[in-house]
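Asker: To start, I am sharing the structure in question, which I have written as structure tokens.
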Amino acid sequence: MEPIQLILLDDHAIVRDGIRAMLLGNTTIKICGEAADYPSLLKELNKQEPHIIITDIKLGGSMTGIEIAALIKKNFPSIKILMLSGNTEDHYVLAAIKAGATGFLPKDCGKEEFLAAVKSVYYGQTWFGETISPVIIDQYVRQSVHHITDQQKPLSQREMEIVHCLCDGLTSKEIGEKLFISSRTAES
């Protein structure tokens, strides 16, 4: 099996060196390039297209990892993006997902979680880990509540009374008389 090809995008050489050292002897994952900013990433992409780009959010230079992720997804849609960042606040995680990141790891993750995330993303799954997943779930729930249409909202007590009258076979006029409302109100 061909090893999973990675390009590391981080403006701190020590982070790239640490990941490289962590992967010494690993035959299933190979670092095929490194970059500190977007121009150097493009040079690496001209040499070889990896399976995954691992990037930080905050990079020295004019572009963030989130902006770069969006460009990569637009120009190289087959490359997967795995964020590795110390910036794990909700807005960063959600912006990374919107930009096309397939996974997000905090920089304080361990080797086993890092390896599991790389493999998961490579095989087409998402990876957000235990600390990031609650952020995504919470945001999903919030958006779901805000996107409920009028037809999906629960009926009011008064509307339920009208529905019961309809079930009893009453006409709009009879419902209006029974509930002291106009027949038009009962219809609407």
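Throughout, read-outs are computed from the coordinates displayed, never taken from laboratory work. Every value quoted in this text rests on a predicted model; they were computed, and no experiment measured them.
Asker: How many percent of the alpha carbon pairs in the stretch 34-114 exceed a separation of 21 Å?
Answerer: Beyond 21 Å sits 22 percent of the P(r) for the stretch 34-114.
Asker: If you build the convex hull over the alpha carbons only and average its shadow over all orientations, what do you get for the stretch 42-85? Give it in nm² to one decimal.
Answerer: Mean orientational projected area (the stretch 42-85, Cα hull): 3.0 nm².
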